[in-house]
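To start, the structure under review is shown below, and the notes come after it.
Values quoted throughout were computed directly from the atomic coordinates according to the rules given, and no laboratory measurement underlies them. Owing to the predicted nature of the structure, the values given are computational and were not obtained by experimental measurement. All Cβ positions, even for glycine, are placed from backbone atoms using ideal geometry, and neighbour counts span all protein chains on display.
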């Protein structure tokens, strides 16, 4: 049952779309996979063997990874599919 001007099932579709977006974002953050590099992809410094063993598929040294992690990616709110709340912001 929809309320107001929304069609039937619109709320469920919005919730499912928000969940799908969040799951896709989490899968993208899953981390490195595959074979680790011996040298950093950004600064060419050697990556310690202990790091390569601990994180399979690592591509960055600790310093470069910390720099990348410190930059926070902006992301929209969870309820952003044309709802009245998102239009008021």
Per-residue Cβ neighbour rank within 10 angstrom, fewest leading, 20, 70: 70, 20
May I ask you to compute the full-extension gain from residue 35 to residue 10, defined as 0.36 nm times their residue separation minus their alpha-carbon distance, rounded to one decimal in nm? 4.6 nm
Label model pair residue 28, residue 42: point-to-point distance (7 angstrom along the Cα→beta-carbon line) in nm is 1.8 nm
Where Rh denotes the Kirkwood radius from the mean inverse Cα pair distance, what is Rg over Rh for the range 32-71? 0.94
Can you compute the modelled spin-label distance between residue 53 and residue 69, with each label point 7 Å from Cα toward Cβ, in nm? 2.0 nm
